[in-house]
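Working notes, beginning with the structure itself.
The values are calculated or read from the model by the stated rules, or taken from the named source; none is laboratory data. No experiment lies behind these values; they were computed from the predicted model shown. In this analysis, Cβ positions are derived from the backbone assuming ideal geometry, glycine residues included, and neighbour counts consider all displayed protein chains.
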Amino acid sequence: MYLKREIDAELELWMKDSKKKPLILRGARQVGKSSLVRNLGLKFEYFVEINFDENPELVEVFKNGLNPVSICEQLSVFAQTPIIENKTLLFFDEIQSCIPAISSLRYFYEKMPNLHVIATGSLIEFALSEIPSFGVGRVRSIFVYPFSFTEFLIANNEMQLLEVLKKAGCEKEFPELYHRKLQMYFKKFLIIGGMPEVVKSYIQNGDLLEVQRVLDDLILSIEADFAKYKNRISSNRIREVFSTIVQQVGNKFRYSYPNATLNNVQIKEILELLRLAGLIYFVTHSASNGIPLGAEINSKMRKILIFDTGIFQRMLGLNISNLLLEDEFKAINRGNIAELHVGLELFKSESCYIKTDLYYWQRESKNSQAEVDYVIQKETEIIPIEVKSGTKGAMQSMYKFLEEKQSNYGIRTSLENFGSLDKIKIIPIYAIGLNIKNKLANI
C-alpha cells in the first residue's frame with residue numbers, strides 16, 4: 001500500500017526534465033525515501049535497485065573506476081535488467097556504504113545525462129558531510145520529511161475537505177462543521193505523527209493503540225542506529241541527549257540538565273550528530289531587525305525540535321486520551337507538542353530543494369521580557385508567529401515585536417477558527433502549514 005506524497009509531483013517533474021541531474025533524497029531514517037523512489041520506478045520501463053548494505057560486493061564495481069557506462073554494464077548484469085537512458089530508473093539505496101558511488105554521481109550527469117539516477121540512504125548526511133563538494137552543480141538534493149498535515153488528510157481520502165480548506169482565509173470564520181472535523185484530524189495527527197509506517201498503520205486499521213506499538217518499534221529502531229553514528233561516542237550518551245531534547249522542546253535548550261554525564265563540548269558534538277541524522281532541527285534566535293533573518297542570529301540561543309510529534313508524544317509519555325478528547329489549548333499543548341507541530345509544519349512547507357532554517361525572537365531584560373515562538377520571512381516582510389490561545393492581553397510579546405520591528409502583522413495559531421484581531425491574523429493550527437506553503441495568500 002503506497003500513500004501519496006506531495007513530493008511525488010516534484011519527482012515526476014524531474015523525470016520529465018530534459019536537463020535532469022542525478023537526485024539525492026535526503027532526510028531522516030524511515031521517512032519514506034525508498035518508497036518514493038520505488039513508486040516512481042513504476043513509471044519506467046525498467047527499474048534497477050542497488051542496495052549497498054545488502055550487496056556490499058558491489059562496492060568493487062565503483063572502486064575499479066567511475067565511468068558510468070562501465071558501471072551500468074556491470075550493474076545491468078548483476079540485476080539482469082537493462083540500464084538504458086530514458087528507459088531505466090537506476091536507484092542507489094544505502095549509498096553511504098559506498099562512498100565511490102556518491103562520487104560517481106557527477107559523472108552520470110556529464111556522460112549519461114539522459115539516465116535517471118536517484119540515490120538515498122539512512123545515514124547519507126554523515127557521508128555527505130565528509131565530501132561536501134562531491135558534485136556541486138551536477139547533483140540535485142531533495143529533502144524529505146515525515147508526512148505533513150496536508151498529506152495526512154490526503155492519506156485519509158479527505159480531498160474535498162482539503163480543497164475547502166485551501167480556499168479559507170482570515171476574512172471570515174470557517175464553517176463550524178469543517179472546523180470541528182479538522183480539529184479532530186489535527187489531534188489524531190499529533191498522536192500519530194507523520195512517519196509513513198505509522199500513518200499507514202492507522203489508515204489500514206484505525207487503531208490508535210496499534211499506532212503506539214508501531215511508534216515503540218520505530219523508537220527502538222532509531223536508538224539502535226545510534227551505534228552507527230560515530231564509533232567513539234557511545235549509544236547511551238547519544239540516547240541521553242536525545243531524551244533531554246524531548247524534555248526541553250519548546251524552550252531554549254539548556255546544557256545543564258538533571259543527571260547529566262556529559263560536558264558542553266560533548267553535548268554539542270552529539271547535537272550535531274542528531275542534526276545530521278535528521279532527528280532534530282534547530283530553531284535559532286534572530287534579532288529580526290531585517291532580512292535575511294539569518295544575518296543576526298545568536299547560535300548560543302537555540303530551541304531544538306524533535307522531527308516527529310508521534311515519536312515525541314510516545315517518548316514523553318503523554319496521555320493520548322487527553323490529547324484526543326480535550327478542547328482547551330493548554331491541555332492539547334502538553335509538553336509543547338502544539339508548538340512542535342507548528343515548527344515542523346513550517347519546515348515541511350518550504351521548498352523541498354532547500355534545507356530550511358527556522359528562527360525565533362526573544363528579548364531578555366530586567367524590566368521587559370518578551371518572546372515570539374517563530375519568525376518567518378515573506379519576501380521583504382518579517383512575520384512573527386505565536387502558538388497559543390488567548391486574548392489581546394495575552395499577546396504582549398507579539399505586540400512588542402510588531403512595534404519594535406514595524407511589522408505589518410503577526411500570526412496567532414491555536415485551536416481557534418480563522419479570524420483577526422487588530423494587527424493579528426488568527427489561523428487555526430491545522431491550517432498553518434498549508435497557509436505558509438501558499439505564501440500566506442489566503443490570509
Pairs, first closer than 14 Å to LYS20 by Cβ in region 75-93, second small (Gly, Ala, Ser), C-beta under 8 Å, six or more apart: LEU89/GLY41
For LEU190, indicate whether it is in contact with a Ser or Thr (Cβ under 8 Å, 6 or more places away or on another chain), closer than 30 Å to ILE320 by Cβ and in a helix (DSSP H, G or I). yes
Which one of the conditions (1) closer than 30 Å to LEU279 by Cα; (2) of a type in the set (Asp, Glu); (3) in contact with a Leu (Cβ under 8 Å, 6 or more places away or on another chain) does GLU85 fail to meet, given that it meets all the rest? (1)
Please state which one of VAL164, VAL199, VAL136 is β-branched (Val, Ile, Thr) and not assigned by TED's automatic domain parsing to the domain that holds LEU344. VAL136
Just checking, how many residues over region 211-225 are surrounded by 14 or more Cβ atoms within 10 Å (Cβ to Cβ) and within 23 Å of LEU318 (Cβ to Cβ)? 8
With respect to LEU318, determine if the residue is of a type outside the set (Gly, Ala, Ser) and in contact with a Ser or Thr (Cβ under 9 Å, 6 or more places away or on another chain). no
Tally, over region 147-171, of residues that are surrounded by fewer than 17 Cβ atoms within 10 Å (Cβ to Cβ), in a helix (DSSP H, G or I), touching a residue at least 12 places away in the same chain (Cβ under 8 Å) and not hydrophobic (A, V, I, L, M, F, W, C): 1
Matching option when the condition is among the small types (Gly, Ala, Ser), over 22 Å from the mean Cα position of the chain (by Cα) and more than 16 Å from LEU115 (Cβ to Cβ), among GLY27, GLY65, GLY32: GLY65
All but one of (1) among the small types (Gly, Ala, Ser); (2) modelled with pLDDT under 90; (3) within 23 Å of the chain's Cα centre (by Cα) hold for SER133; which doesn't? (3)
Any residue at all in region 241-256 that's more than 19 Å from GLY278 (Cα to Cα), without any contact (Cβ under 8 Å) to a residue 24 or more places away in the chain and not charged (D, E, K, R)? yes
May I ask you to verify whether PHE226 is over 19 Å from LEU324 (Cα atoms), out of contact with any strand residue (DSSP E or B) (no Cβ under 9 Å at 6 or more places or on another chain) and assigned by TED's automatic domain parsing to the domain that holds GLU345? yes
